[in-house]
Amino acid sequence: MSQLNETITRALRERAGDLLAAGTVDAFVGFTTGTVPMVMRPLVARTPEEARQFVWNSFCVLNPANFLPELVQTLSGEGQVRVGVVATGCWSRNMVVQIQENRLRREQIHIVGIASRGMVLPRRVRALFAGREITRVEEKEHELVVSGPGFSETVSRWSVVRDNCRTCSHPNPVLFDEMLTSHSTRNPVADRFDQIEEIERMTPEERYQWFQGEVATCIRCYACRNACPLCYCPTCFVDESRPQWVGKSLDPVDVSLFHILRAYHCAGRCTDCGACEAACPMGIRMRLFTRKLEKDVLALFGTEAGMDPGQPQPLATYGLDDPQDFMLRG
Amino acid sequence: MTSSSWPRWRRPCHKNCVDETLSFEPKIIAFLCTWCSYAGADLAGISRLQYPPSIRIIKVPCSGRISANLILDAIRSGADGVLVSGCHPGDCHYQSGNYHARRRFVLLKNLLEFVGLESDRLHFTWISASEGEQFAAVVREVTDRVRGLGPATRFVKHLPDGSGK
């Protein structure tokens, strides 16, 4: 384990243990190692002993904000609760969104912030070792040591970091009770919407072909929806049958509409945490659709999702002079 | 695509027409808010104003009521164009429905264009109850633009027998 991760892991175990022992929090949400290399498992610790299992590394791609409100609700059966949780920049912004949407109350969570260095996409690592079984991945400061039967190779960590982490503009938590690390001084990338602008420059026909190709492999498993902290409707539009907005088949139109509507429902709320892409078994880059909306919301309304729990969300409010050049003049 | 392979309701309007592009009468779904735009359409009718018979009006309580689901469902079902119209800013019967709608529509229109829908298939406008003239003009313009694109092909769901939805 790298020096940095070891320091964070030690501090995390200690802080979580202290908070649980002191009764400041009733449970603490973090990650621990799973049974498969590069796949981390969320862990809810109820005692300081359990908190000793917490681990922090570059493979914590699941967004804990996803199940936080449900966890709080479940534990609330026992009276007032407060749940501790680790959070990087995007996760903390998702918690802000949860607070804005009245899914959580600020006092119900105790956020232990960690400045993100960017998370690794295991798919990228596996692609580098196609056909070979990876049994162990050890993270060093700037590289990963990947080993399996008969091989042990080193790959650069940054080369396998997720796309959303490369263009991250908020590696530091925006909402936290305490920080485990110092604030990241990573400079935000200037060209964070480069990929989107490239697509916008294409002709409509090219864009249509690109989109159809992008979603062609979708198997409609809804892993993207389930991993997303924004998707919590009791009945999702894909499950509605009266009326049925989207067919359940693999018809290209149904698949397209699913991805369009899923992205659209995240407008002004998506923090680009990348949980959807990390969860997708087919490697579909659905972040491109949510990022288009993120870019438009920033350009048209000047706001970013989850930055201030006291502010309304861009689509829950309006401006008297919002842009309307797109409208037909009667 | 020959005219005979189109669903019956999308075939060219005149049987003897030679040029299919000229004869193509698009089907446009118009979502009109009941307080302003629908009344505007009513006024156009009462005033005997001429506009193309291409639109099918669906009356909704407010432009803020129109979700992306409704618009996409119209497209999926084979509408060649969609028009959404509400009260002018400041005139909403529910104070702010059209303001909220304006924010949603701009994002939806941009997103649909981003994934390849032709920009002229989807139109938004504000029409008041006294603007019968403008309503007829908007329908003419939308019909012209949609006619220029020809029958909708993208995001239209076809059943295995080749028919529309």
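The values are calculated or read from the model by the stated rules, or taken from the named source; none is laboratory data. Worth saying up front: this structure is predicted, and the values here are computed from it rather than measured. Neighbour counts are summed over all protein chains in view; Cβ atoms, including those assigned to glycine, are modelled from backbone coordinates with ideal geometry.
Could you figure out which of (1) among the small types (G, A, S); (2) within 7 Å of chain A (Cβ to nearest Cβ); (3) in a helix (DSSP H, G or I) isn't true of B:A101?
(2)
If you scan the stretch A:276-293, which residues turn out to be among the β-branched types (V, I, T) and assigned to a helix (DSSP H, G or I)?
A:T290
Go through the residues of the stretch B:121-143 one by one and say whether even a single one is surrounded by fewer than 22 Cβ atoms within 10 Å (Cβ to Cβ), touching a helix residue (DSSP H, G or I) at 6+ places or on another chain (Cβ under 9 Å) and free of Cβ contacts under 8 Å to residues at least 40 places away in the same chain.
Among the residues of the stretch B:121-143, not one is surrounded by fewer than 22 Cβ atoms within 10 Å (Cβ to Cβ), touching a helix residue (DSSP H, G or I) at 6+ places or on another chain (Cβ under 9 Å) and free of Cβ contacts under 8 Å to residues at least 40 places away in the same chain, which makes the answer no.
Only one of A:P188, A:P173 is in contact (Cβ under 8 Å) with a residue 12 or more places away in the chain, over 15 Å from A:F289 (Cβ atoms) and surrounded by 18 or more Cβ atoms within 10 Å (Cβ to Cβ); which?
Exactly one of A:P188, A:P173 is in contact (Cβ under 8 Å) with a residue 12 or more places away in the chain, over 15 Å from A:F289 (Cβ atoms) and surrounded by 18 or more Cβ atoms within 10 Å (Cβ to Cβ), namely A:P173.
Sort out which residues of the stretch A:234-243 are out of contact with any Asp or Glu (no Cβ under 9 Å at 6 or more places or on another chain) and loosely packed, with under 15 Cβ neighbours inside 10 Å, and write them in order of number.
The answer is A:P234, A:T235, A:D239, A:E240, A:S241, A:R242.
Out of (1) under 14 Å from the mean Cα position of the chain (by Cα); (2) farther than 25 Å from B:D144 by Cα; (3) among the acidic types (D, E), what's the single condition that is false for B:D91?
(1)
Can you tell me which residue among A:L298, A:L288, A:L293, A:L320 is within 10 Å of chain B (Cβ to nearest Cβ) and within 22 Å of A:V96 (Cβ to Cβ)?
Going through A:L298, A:L288, A:L293, A:L320 in turn, just one is within 10 Å of chain B (Cβ to nearest Cβ) and within 22 Å of A:V96 (Cβ to Cβ): A:L293.
Considering only the stretch B:137-160, state which residues are β-branched (V, I, T), under 21 Å from B:G45 (Cβ atoms) and within 11 Å of chain A (Cβ to nearest Cβ).
B:V138, B:V139, B:V142
I'd like the full set of residues that are assigned to a loop (DSSP other than H, G, I, E, B), touching a helix residue (DSSP H, G or I) at 6+ places or on another chain (Cβ under 8 Å) and more than 10 Å from chain B (Cβ to nearest Cβ), limited to the stretch A:241-275.
Residues satisfying the conditions are A:K248, A:C266, A:R269, A:C270, A:T271, A:D272, A:C273, A:G274.
So which of B:N110, B:N69 ends up being polar (S, T, N, Q), in a helix (DSSP H, G or I), within 22 Å of A:E200 (Cβ to Cβ) and within 11 Å of chain A (Cβ to nearest Cβ)?
B:N110
Quick check on my filter: what residues within the stretch A:203-240 are within 21 Å of A:L298 (Cβ to Cβ) and within 14 Å of another protein chain (Cβ to nearest Cβ)?
Passing the criteria: only A:R207.
The rows are residues; the columns are (1) touching a Pro at 6+ places or on another chain (Cβ under 8 Å); (2) of a type in the set (D, E); (3) at pLDDT 95 or above.
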{"position": "A:M1", "(1), (2), (3)": "no, no, no"}
{"position": "A:N5", "(1), (2), (3)": "no, no, no"}
{"position": "A:I8", "(1), (2), (3)": "no, no, no"}
{"position": "A:A22", "(1), (2), (3)": "no, no, no"}
{"position": "A:D26", "(1), (2), (3)": "no, yes, no"}
{"position": "A:T33", "(1), (2), (3)": "no, no, no"}
{"position": "A:M38", "(1), (2), (3)": "yes, no, no"}
{"position": "A:A51", "(1), (2), (3)": "no, no, no"}
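Based on this model, can you work out whether A:G113 counts as out of contact with any Leu (no Cβ under 7 Å at 6 or more places or on another chain), within 30 Å of A:D308 (Cβ to Cβ), of a type outside the set (S, T, N, Q) and buried (at least 16 other Cβ atoms within 10 Å of the Cβ)?
Judged against the criteria, A:G113 is not a match.
For residues that are outside any helix (DSSP H, G or I) and under 19 Å from B:E133 (Cα atoms), tally how many sit in the stretch B:29-58.
Residues that pass the stated criteria total 18.
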